[in-house]
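K.L.:
Quick one: the structure is below, questions incoming.
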Amino acid sequence: MRVALKSGIYWVGAIDWNIRNFHGYSTHKGTTYNAYLVMGKKIALVDTVKAPFYGEMLERINHIIAPEEIEYLIVNHVEMDHSGSLPRIRETLPRIKILCSPRAEGELKEHYGDEIPLKVVKTGDVLELGGKTLTFVEVPMVHWPDSMVTYAKEDKVLLPNDAFGQHIAASERFDDELGWEVIHPELTKYYANIVMPYGPQVLKALEALKGIEVEVIGPSHGLIWRKYIPQLLATYEGWAKGETEEKALIVYDTMWGSTEKMAGAIYSGLTKEGIPTKMYRLTGSDMSDIVKELLEARALLLGTPTLNTGVFPSVAAFSTYVKGLRPKGRIAAVFGSYGWGKGATKTLTTDLQAAGMEVLEELQVKFVPFGEALDKCEGLGRRVAQRMRAS
Ligand code: FEO
């Protein structure tokens, strides 16, 4: 079955129903690798698919045209879920002309060898296909240095690769076929885990897009946007600006239940102040699901037991992940129990400060918290709540 975004622009991607771990990010609903054919008098393929899915892409192309008719391959982004079929494409079509951004030139050679012939295109460059005009705009660090978007002018179709993606495998191809309520949670998780560190670059890209009319957005993962574009752009803008909601997130792990008791008392403090709060124990939870919650939360309260004078391993993994994602502008507090050596909370404070958060307090309790110690935990929850309201 042909899937047309507009007349002469087709989806020829692949559906990965069974992927559950995408370089560490949990993909409970699978994903798609979206590639597109743009057919003027000449034909361009925009992006490819992850290498094992080459056959699926080729079959979809074959339903539309003979692959030999493709003259150009446009590489919007080098990461191998999109460029992975490039070597196979070159075997099938040895004379194909490959276009990429200036930053992608070196990266593609570093992935596939120096002999690969490339034509570099920069922001504003145009490829005339005859009846279809493609314009390229570099969007560095959304989310790799090489990233660019391709815009089909006559049809007002934007092909922005990873931007606006969601990891959803589905038989539906368009946003209106699944609905905003179904897509939004995966859009959120995707932004939180993939795009969050690059808010300023996203804002620049959104600014650049304001000058062009867009009727369809075909990202490289998930559903194609045609109905919810205004909501999509507004949502991305809010995230990129670091806008948060008056919600708190308590994330912790525990050895003998002490840090968990502290988490419970902190939760009481926050909720007694009326702050919607979610709690996750890291053992048994999924970090990429928690980070999805962090995208919209204004406060993070992170707790660790002290193990061998350091941070408990699951909490250390989480704070390292959060440090890389740089969810700036949130407020934070750290807490935990210890036996005879302190120090774990200091490490967490350093990580969260490096992530761009303001750490209000560290609270530690020796061995088991009860009585006054639990009151202090509840007080911490209350103070964070009051500070959230003031910010
Ligand atoms: Fe979907 Fe950055 O690759």
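The values are calculated or read from the model by the stated rules, or taken from the named source; none is laboratory data. Predicted, not measured: the structure shown is a model, and the values here were computed from it. When we count neighbours, we look across all protein chains shown, and the Cβ atoms used for this are built from the backbone with ideal geometry, even at glycine. These accessible areas exclude ligands, DNA and RNA; they are computed on the full protein's heavy atoms, side chains included. Shrake-Rupley method; radii C 1.70, N 1.55, O 1.52, S 1.80 Å.
K.L.:
Considering only DSSP beta bridges whose two residues both sit in the chain, what percent are antiparallel, to the nearest 5?
P.N.:
Details: 29 of 67 bridges.
Given both bridge residues lie in the chain, the antiparallel proportion sits at roughly 45 percent.
K.L.:
With label points built 7 Å along Cα→Cβ from the Cα atoms of ASP286 and ARG88, find their separation and express it in nm.
P.N.:
2.7 nm
K.L.:
Over 5 Å intervals from 0, what percent of Cα-Cα pairs in the range 95-166 sits in each interval?
P.N.:
Bins of 5 Å from zero give 4, 16, 23, 24, 19, 11, 3, 0 percent of pairs.
K.L.:
Rounded to the nearest 10 Å², what accessible area does LYS376 have for a 1.4 Å probe in the complete protein model?
P.N.:
Rounded to the nearest 10, the figure is 110 Å².
K.L.:
When the label point is put 7 Å from the Cα of ILE229 along its Cα-to-beta-carbon vector, which residues of the range 117-158 have a backbone N closer than 18 Å?
P.N.:
Within reach of a label on ILE229, which here means backbone N under 18 Å from a point 7 Å along Cα→Cβ, the range 117-158 contributes 132-137, 149-158.
K.L.:
From a point 7 Å beyond the Cα of ASN18 in the direction of its Cβ, which residues of the range 38-67 have a backbone N at a distance under 16 Å?
P.N.:
51-56, by backbone N distance to the label point.
K.L.:
Can you tell me the orientation of helix 287-296 relative to the chain, as the angle in degrees between its alpha-carbon axis and the longest Cα principal axis, to the nearest 10?
P.N.:
90 degrees
K.L.:
Hey, how many Å between the Cα centroid of the range 303-367 and the Cα centroid of the range 65-96?
P.N.:
What the calculation gives is 46 Å, centre to centre.
K.L.:
Pull up the DSSP beta bridges for the range 1-136 and report the antiparallel fraction as a percent, rounded to 5. Don't jump to the answer; show the numbers that get you there.
P.N.:
On the way: 18 of 28 bridges.
Here the antiparallel bridges make up roughly 65 percent for the range 1-136.
K.L.:
For the range 247-327, state what percent of all Cα-Cα pairs lands in each successive 10 Å bin, counting from 0 Å until the bin that includes the largest distance.
P.N.:
Each 10 Å bin holds this share of Cα pairs: 18, 52, 28, 2.
K.L.:
Using the Cα atoms of the range 291-351 to build a convex hull, what is its mean projected area in square nanometres?
P.N.:
Working: hull surface 15.3 nm².
If you wrap the Cα atoms of the range 291-351 in a convex hull and average its projections, you get 3.8 nm².
K.L.:
Right, next: Using Cα-only point scatterers and the Debye equation, what is log10 of I(q)/I(0) for the range 245-390 at each q in 0.11, 0.13, 0.19 Å⁻¹, rounded to two decimals?
P.N.:
-0.33, -0.47, -1.07
K.L.:
For the range 195-273, max minus min Cα coordinate along each principal axis, in Å, sorted largest first?
P.N.:
For the range 195-273, the Cα spread along each principal axis is 56, 26, 23 Å.
K.L.:
Right, here's the next one. Using only the alpha-carbon atoms of the chain, report the extent along each of the three principal axes, biggest first, to the nearest angstrom.
P.N.:
Projected onto its principal axes, the Cα set of the chain covers 78, 39, 34 Å.
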